[in-house]
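A short worksheet on the structure shown next.
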Amino acid sequence: MSLAFPAAPQMMLPIAGSDERFPVHRVYCVGRNYAEHVKEMGGEVGRDPPFFFAKPPDALVTDGRLPYPTMSNDVHHEIELVVALGPDARVFGHAVGLDITRRDLQAAAKKLGRPWETAKGFDHSAPIGPIVRHGSALTSGAITLDVNGQRRQTGDVADMIWNIDEIIAELGKLFALKAGDLIFTGTPSGVSPIQRGDHLHAQIAGVGSLDVDVI
Ligand code: MN
């Protein structure tokens with residue numbers, strides 16, 4: 001048997017301080033997981049519990065270059081702590097990630113009750129840094145995002161509505177979690193539009209930083 005055409009390459013992420021690579025299986029995301037962001041999006045804490053969506057693994061960006069997406073005039077940054085799962089769906093480590101969002105398309109989809117793929121799961125919508133190995137879930141740490149040196153997002157991982165262990169438990173009721181899965185755990189408040197030429201500097205205490213240029 002031979003392939004009709006070459007298979008798409010396996011998405012792999014670097015692991016900090018190691019020659020090994022982290023082979024990516026699926027990319028899950030949590031929506032509305034910080035109270036202040038729920039409020040800025042017009043939701044009500046308690047009434048709008050966190051929920052899940054997904055991005056395709058090949059939406060990950062590892063070279064720090066984010067092409068401004070087509071078909072949108074309102075593209076937002078969302079800094080997120082990413083948890084990486086290893087064998088038996090245990091926490092393998094964490095990374096700094098960005099859930100890049102076509103906010104205008106998301107607003108239209110919300111209004112019409114349509115799915116979010118075009119708003120959330122487009123090409124290059126998930127810039128991510130190297131995986132930092134940790135034996136257990138991060139429960140606190142400052143999380144910030146600067147655009148062109150100006151602070152836009154500030155929060156603390158401790159402010160998540162569902163913490164990482166709760167996210168894994170909830171997500172595991174819906175999907176068979178596997179080694180290689182990544183979960184973007186939601187964004188704190190301060191999301192705002194980005195433009196071509198912007199430089200994004202994302203930082204999470206205990207994990208590291210991620211630098212992205214919008215091109
Ligand atoms: Mn998000």
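The values are calculated or read from the model by the stated rules, or taken from the named source; none is laboratory data. Just so you know, these numbers come straight off a predicted model, no measurement behind them. Positions of Cβ are backbone-derived with ideal geometry, glycine not excepted, and every protein chain shown enters the neighbour counts. These accessible areas exclude ligands, DNA and RNA; they are computed on the full protein's heavy atoms, side chains included. Shrake-Rupley method; radii C 1.70, N 1.55, O 1.52, S 1.80 Å.
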Legend entry - Output for the range 142-167, where each listed residue is crowded, with 22+ Cβ neighbours inside 10 Å and of a type in the set (A, V, I, L, M): I143, L145, V157, M160, I167
Legend entry - From P50, P87, P130, residue being farther than 22 Å from P193 by Cβ, touching a strand residue (DSSP E or B) at 6+ places or on another chain (Cβ under 9 Å) and open to solvent by 40 Å² or more (accessible area, probe 1.4 Å): P130
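Residue-wise test of (1) within 21 Å of D165 (Cα to Cα); (2) within 13 Å of the chain's Cα centre (by Cα).
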position: F5; (1), (2): no, no
position: A16; (1), (2): no, no
position: A59; (1), (2): no, yes
position: D63; (1), (2): no, no
position: L66; (1), (2): no, no
position: G86; (1), (2): yes, no
position: F92; (1), (2): yes, no
position: V96; (1), (2): yes, yes
position: D104; (1), (2): no, no
Inset, instruction - Run A137 past the list (1) in contact with a Lys or Arg (Cβ under 6 Å, 6 or more places away or on another chain); (2) aliphatic (A, V, I, L, M); (3) free of Cβ contacts under 8 Å to residues at least 60 places away in the same chain and report the number of the one that doesn't hold. - result: (1)
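Residue by residue, here is whether (1) within 18 Å of I215 (Cα to Cα); (2) in contact with a helix residue (DSSP H, G or I) (Cβ under 9 Å, 6 or more places away or on another chain); (3) away from the ligand (no atom under 16 Å from the Cβ) holds:
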site: H77; (1), (2), (3): yes, no, no
site: L85; (1), (2), (3): no, yes, yes
site: A89; (1), (2), (3): no, yes, yes
site: D99; (1), (2), (3): yes, yes, no
site: R103; (1), (2), (3): no, yes, no
site: A109; (1), (2), (3): no, yes, no
site: G113; (1), (2), (3): no, no, yes
Inset, instruction - Might you check whether a residue that is within 14 Å of the ligand (Cβ to nearest atom) and either part of a loop (DSSP other than H, G, I, E, B) or in contact with a helix residue (DSSP H, G or I) (Cβ under 9 Å, 6 or more places away or on another chain) (or both) occurs anywhere in the range 5-15? - result: no
Inset, instruction - Please tell me if T62 is closer than 20 Å to L145 by Cβ and more than 16 Å from the ligand (Cβ to nearest atom). - result: yes
Legend entry - Candidates V207, V212 - the one that is farther than 16 Å from E36 by Cβ, surrounded by 20 or more Cβ atoms within 10 Å (Cβ to Cβ) and within 16 Å of the ligand (Cβ to nearest atom): V212
Inset, instruction - Residue by residue through the range 176-204, note down the ones that are in a loop (DSSP other than H, G, I, E, B), more than 18 Å from S72 (Cα to Cα) and open to solvent by 60 Å² or more (accessible area, probe 1.4 Å). - result: A176, K178
Legend entry - Residues that are more than 15 Å from the ligand (Cβ to nearest atom), assigned to a loop (DSSP other than H, G, I, E, B), farther than 24 Å from K173 by Cβ and open to solvent by 50 Å² or more (accessible area, probe 1.4 Å), drawn from the range 17-41: G17, D19, E20
